[in-house]
1. Have a look at A:E320, A:E310 and point out the one that is surrounded by fewer than 16 Cβ atoms within 10 Å (Cβ to Cβ) and more than 36 Å from the chain's Cα centre (by Cα).
2. In the stretch A:391-410, what residues are under 22 Å from the mean Cα position of the chain (by Cα) and assigned to a strand (DSSP E or B)?
3. For A:E114, are the conditions met, namely being acidic (D, E), touching a helix residue (DSSP H, G or I) at 6+ places or on another chain (Cβ under 9 Å) and more than 19 Å from A:A47 (Cα to Cα)?
4. In the stretch A:452-472, how many residues are away from RNA strand B (no atom under 12 Å from the Cβ) and over 12 Å from the mean Cα position of the chain (by Cα)?
5. With the checklist (1) in contact with a Lys or Arg (Cβ under 9 Å, 6 or more places away or on another chain); (2) in a helix (DSSP H, G or I); (3) near RNA strand B (Cβ under 8 Å from one of its atoms) in hand, flag the one item A:L140 doesn't pass.
6. Looking at A:M475, A:M449, A:M397, which one is surrounded by 15 or more Cβ atoms within 10 Å (Cβ to Cβ), within 16 Å of RNA strand B (Cβ to nearest atom), at pLDDT below 95 and not small (G, A, S)?
7. Would you point out the residue of the stretch A:110-134, among those that are near RNA strand B (Cβ under 6 Å from one of its atoms) and not in a strand (DSSP E or B), that is surrounded by the most Cβ atoms within 10 Å (Cβ to Cβ)?
Amino acid sequence: MRVRRQKMEALRAKGIDPFGHRFERTHHAREIVDGFQMFEGNTVRIAGRLMAMRSHGKATFADLLDLSGRIQIYAKLDQLGDEAYELFTSLDIGDIVGVEGKVFRTRRGEVTVEITRFDLLSKALRPLPEKWHGLADVDLRYRQRYLDLIVNPEVREVFLKRTAIVRAVRAFLDSRGYIEVETSAMHTIPGGATARPFITHHNALDIDLYLRIALELHLKRLIVGGLEKVYEIGRVFRNEGISTKHNPEFTMLELYEAYADYTDMMNLAEDLIHYVAVQVLGQTRVEYQGAVIDLTPPWPRKTMVEAVRERTGVDFDAIESDEDARAAARRLGVEIDPAASRGKALSEIYEELVESTLVSPVFVMDHPIEISPLAKKKADDPRYTYRFELIMGGREMANAFSELNDPIDQRERFEAQVALRAQGDDEAHRMDEDFLRALEHGMPPTGGMGVGIDRLAMILTNQNSLRDVILFPTMRPRK
RNA sequence: GGGCCAUUAGCUCAGGUGGUAGAGCACCGGACUUUUAAUCCGGGUGUCGCAGGUUCGAAUCCUGCAUGGCUCACCA
């Protein structure tokens, strides 16, 4: 680093600005390499970061990296003259240069740009990580993601794919007539999910505000307002543990459609994810951590009771009391709160023993009412709700229901949650009078769905850690 | 939060049983006009994560702490 600073000073002394200005490019590296026949002998202007230098005395090869990839450049003393050639050889790996030159192919067959002139656009004062092994230390990869992106090309691919996924989701929903909206990220009452919120403070109003834990309740207000089909792709914040599967801030898609129900949402989920896979991957079979997941619709639909019965042999249709349900859980080795209700026991068994075994996409439907305070209860069996979770790769990808639009029922559900909160469940939902008022104005029957964008990106890019699909995952500050 | 593991040069890593720190890449100097993990010659650039302890002597053994990873728990 000391040496690089000296080089920088030397450049300044010669009247060369080591941090240059705009450089007009004609092409990206990839275009030239792929379309060599069209470019041979032509003059092109490219720019990027020097990734390798191979000096041979009076001729020097280097690799230039831009967004599209790498291309070899070639500096020759005869062509550049003494001064410019010496300047070129004094460049460091990591420096950002703009190059003008002629396209040719070397003896070894490599498409190369022979430099006729070049500009130093930015001096790199710090060295890049090792060229062959790249950057392996995960801590450094996440803290200095820019280095990860420069040095590890597969990392860049993952994030470009993530962008393509989000773009495809938008294109799909837009084509279906959904209206994209932005709702507030700071809430006076955090609602729409069971999670601990982050708290912040507004000085002028002198009130605490919460970063949103879900998008749900505000989007439903827009359904009340007659927007009929809305969606939002937005960051939500949950003040909980950090792991390879959890980041305090993550990206949710939520969408709501008036006059629809959860069966419509199942169809939509199939169409959406199928569309995204085809757009981004060009296929519907994805390899995920050694398993192959076939995304070709339709996907099986089974109730949670059926899923538990298939996996464990325990038939909740034959279980009536809370006590029998808890006993069933204990027989299966599932730890259970001695006060747990029948529905709670069912969902505990499902989550503990069943969910992680579901690799191919499957809709698990009809969740117990106790764990579904925003879903409409089933007309033929009020112990359950019109709800489903889409599971693939053993993990929840989407959560949807026929939305509860009965304000009386909704108030009772909130009251039940508030009672849980009073018993110490600090993740239970809170009473939200403002939302209830909206429902009291009348919300049409509505189907709604939430999709974890990060998890979808994990599946479609075959990444095992959420941090590998989030550019800047939450880290402890470095000391 | 529990358990296990890791932390040594800019990066990737090696350093049985305690004896004063090494390699490759990168970097610096030299040779080389079609190389490509270029090659050849010469050069080691370090708070061995931090703080204590044991010892004549600690990268190495012990304790605590910090950061990260895996995993369990929690968290839909």
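1. Values: A:E310 fails: more than 36 Å from the chain's Cα centre (by Cα).
Within the list A:E320, A:E310, the selection yields A:E320.
2. Of all residues in the stretch A:391-410, those under 22 Å from the mean Cα position of the chain (by Cα) come to A:391-400.
Listed by number, the residues that qualify are A:I391, A:M392, A:R395, A:E396, A:M397, A:A398, A:N399, A:A400.
3. Working: acidic (D, E): yes; touching a helix residue (DSSP H, G or I) at 6+ places or on another chain (Cβ under 9 Å): yes; more than 19 Å from A:A47 (Cα to Cα): no.
No, not satisfied.
4. Going through the stretch A:452-472 one residue at a time, the tally reaches 1.
5. Among (1) in contact with a Lys or Arg (Cβ under 9 Å, 6 or more places away or on another chain); (2) in a helix (DSSP H, G or I); (3) near RNA strand B (Cβ under 8 Å from one of its atoms), the lone unmet condition for A:L140 is (1).
6. On the way: A:M475 fails: surrounded by 15 or more Cβ atoms within 10 Å (Cβ to Cβ); A:M449 fails: at pLDDT below 95.
Sole residue among the options that is surrounded by 15 or more Cβ atoms within 10 Å (Cβ to Cβ), within 16 Å of RNA strand B (Cβ to nearest atom), at pLDDT below 95 and not small (G, A, S): A:M397.
7. Let us first name the residues in the stretch A:110-134 that are near RNA strand B (Cβ under 6 Å from one of its atoms), namely A:110, A:112, A:127, A:129-133.
Imposing the further condition that a residue be not in a strand (DSSP E or B) reduces the set to A:110, A:127, A:129-133.
Working: A:E110: 14, A:P127: 12, A:P129: 19, A:E130: 10, A:K131: 11, A:W132: 5, A:H133: 9.
Of everything passing the filter in the stretch A:110-134, A:P129 is surrounded by the most Cβ atoms within 10 Å (Cβ to Cβ).
Per-residue answers, yes or no, for (1) touching a residue at least 40 places away in the same chain (Cβ under 8 Å); (2) of a type outside the set (F, W, Y); (3) in a strand (DSSP E or B):
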{"position": "A:I336", "(1), (2), (3)": "no, yes, no"}
{"position": "A:A345", "(1), (2), (3)": "no, yes, no"}
{"position": "A:Y350", "(1), (2), (3)": "yes, no, no"}
{"position": "A:V354", "(1), (2), (3)": "yes, yes, no"}
{"position": "A:V359", "(1), (2), (3)": "yes, yes, no"}
{"position": "A:P382", "(1), (2), (3)": "no, yes, no"}
{"position": "A:E389", "(1), (2), (3)": "no, yes, yes"}
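The values are calculated or read from the model by the stated rules, or taken from the named source; none is laboratory data. Small disclaimer: the values here were computed from a predicted structure and weren't measured. Every residue, glycine among them, receives a Cβ derived from its backbone with ideal geometry; neighbour counts consider all protein chains shown.
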